[in-house]
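Remarks on the structure that follows.
The values are calculated or read from the model by the stated rules, or taken from the named source; none is laboratory data. Keep in mind it's a predicted model, so treat the numbers as computed, not measured. We place every Cβ from the backbone using ideal geometry, glycine too, and count neighbours over all the protein chains shown. The accessibility values were calculated without ligands, DNA or RNA, using every heavy atom of the protein model including side chains. Shrake-Rupley method; radii C 1.70, N 1.55, O 1.52, S 1.80 Å.
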Amino acid sequence: MSTTIIKNIGELVLPKKSTRALKGKEMDELLIVKDGMVVIEDGKVIYSGEKTDDYTADQEIDAEGKLVTPALVDPHTHVVHGGSREHELALKIQGVDYLEILEQGGGILNTVEATKKASFDELLEKASKNIIRMIQHGVLTVESKSGYGLDLENELKQLKVSHALEEKFPITMKHTYLGPHAVPKGRENEEFLQEMTDLLQNDEIKKLSDFADIFTETGVFSVEESRRYMEAAKEAGYDLKIHADEIDPLGGLGLAIEQGAVSADHLVAASDKDKKALKDSDTIAVLLPGTTFYLGKDDYADARGMIDNGGAVALATDFNPGSCVTDNLQMIMTIGAIKLRMTPKEVWNAVTVNAAHAIKTDRGTLDAGDDANLVIWNAPNHEYVPYHYGVNHASKVIANGQVVFEQPGLNL
Ligand code: NIG
Ligand code: FE
């Protein structure tokens, strides 16, 4: 048995453990302990709170008066993919729209080509670099989607890489089958969607996926098509997610709530009626403001309205090679604060407990019994991280009680 004490914590952030995501006003509640301490035994938290003399340790880590929080959770990424699309940046600057690029066979379909061409090892090596960067930025739980294969062989390849990442790194991963992510050139929507729906029944896809997801958008899949897919997915035993109302107000959020989806993601164009309905549903709004930023749009998801009306909100990177090319969740925390007008406490809950609930995992808290996944930040308090943006504030990232990343020399 080995005991580690993290002492001299200036601010210890303890999001509230609950059987469901925090909603409405609860999102602005965060227990902040000044002069705190965390005690870890064999990789698990056995105490977190005010400093006490009740414990003796084999090892001490001095937090030097800094901020300590649970490790971050990124509940929406497309981390496994081939290639990159930097040429789209110039197109975007010329005013070519995201859906126009897709319609011309670029965008997601460009990444599908690159992902098909890449071997399992190549995809694993590429995604490993992003996962390492995520860990370095304080993230120890990641959701990862398929959706760049669009056929059995390549969807499976992506899901297998996603599982291999979990073997390779000290992280928790959740895996999502996103077969209906785009319609290949020359294929009919209906017929292609049926093919992707049939794959829900494939034993390997089933075994490797926690969630089934779909891109409900103009030129991709309609609400009616998405409903059919979601019903089939539920029937086959999947939990549901949806890319909803990202660009056009099709009503994907309403569909998510109707179908009891665990999360509805994007929601920039969601209707007022659907946003209000979040309050009485268990569906979590996973907002991806880095995507709005990167698509160069001015209208952001209405986080304020969703929270003020009693909904549950989480934040994620949506890391992917087209619409949001960052694996730095700290950056998203700043955009959440500045553009979504979320308070720092709401932002922290959105990237810890609520993000964990959005992917049905019990991460994001630091209570006795939890795995000791936490971050010592080069920051004096929780407000500092979203405030000072575009740089990495993680000082020590601790996974199961072990320091897995350390960034020296940045003491404030
Ligand atoms: O969440 N919107 C659909 N899928 C991703 C983008 C994927 C891509 O552009 O490669 C998203 O934004
Ligand atoms: Fe996405």
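Pairs exceeding a 23 Å alpha-carbon distance, out of Lys241/Lys345; Lys25/Lys339; Lys23/Lys44: Lys241/Lys345; Lys23/Lys44.
Distance from the alpha carbon centroid of region 91-154 to that of region 220-286 works out to 22 angstrom. Adding -39500 (n - 2.57) for every DSSP H run of four residues or longer, then dividing by how many residues the chain holds, sets the calculated 222 nm ellipticity at -9500 deg cm²/dmol. Each residue of region 379-396 is assigned a 3J(HN,Hα), and the resulting list reads 8, x, 7, 5, 6, 5, 5, x, 6, 9, 9, x, 10, 8, 8, 5, 9, 9 Hz, derived from the Karplus form 6.51 cos²θ - 1.76 cosθ + 1.60 (θ = phi - 60°), x at Gly and Pro. For region 4-77, the alpha-carbon radius of gyration amounts to 1.23 times the rule-of-thumb value 2.2 N^0.38 Å expected for a compact globular protein.
Using a probe of 1.4 angstrom and keeping all protein chains present, the accessible surface of region 1-141 works out to 46 square angstrom per residue. Taking amide H atoms as placed 1.01 Å from N in the peptide plane, the amide H of Thr141 lies under 5 Å from those of Asp74, Thr172, each 5 or more residues away in sequence or on another chain.
When the alpha carbon gyration tensor of region 38-185 is reduced to an equivalent ellipsoid, its three semi-axes come out at 40, 18, 12 angstrom, largest first.
Directionally averaged projected area (the chain, Cα convex hull): 18.8 nm². What the pair-distance distribution of region 77-158 shows, using all Cα-Cα distances binned every 10 Å from zero, is 18, 42, 32, 8 percent.
Tell me, what % of the accessible area of region 213-346 is carbon and sulfur with a 1.4 angstrom probe? Its accessible area is 48 percent carbon and sulfur atoms. Can you check what the net charge comes to around Thr4, using other residues whose Cβ is under 11 Å from the Cβ of Thr4 (Lys, Arg +1; Asp, Glu -1)? So the environment of Thr4 carries a net charge of -2.
Sequence-distant contacts, meaning Cα pairs under 8 Å at least 6 residues apart, place the relative contact order of the chain at 21 percent.
Based on every Cα atom in region 197-261, Rg and the maximum pairwise Cα distance Dmax equal 11.5, 35 Å.
With everything on Cα atoms, drop me the angle between helix 152-168 and the longest principal axis of the chain, reported from 0 to 90° to the nearest 10. Long axis of 152-168 versus the principal axis of the chain: about 10 degrees.
Taking the C-alpha atoms only, the angle from helix 108-117 to the longest principal axis of the chain is near 80 degrees. Each 5 Å bin from 0 upward holds the following percent of the Cα-Cα pairs of region 271-412: 2, 10, 17, 21, 21, 16, 9, 4, 2, 0, 0. Backbone geometry of region 32-38 corresponds, through the Karplus equation with coefficients 6.51, -1.76 and 1.60 at θ = phi - 60°, to 3J(HN,Hα) couplings of 10, 9, 7, 6, x, 8, 10 Hz, x marking Gly and Pro.
Calculate, in whole percent, how much of the Cα-Cα pair population of region 151-224 lies beyond 16 Å. Roughly 51 percent, rounded to a whole number.
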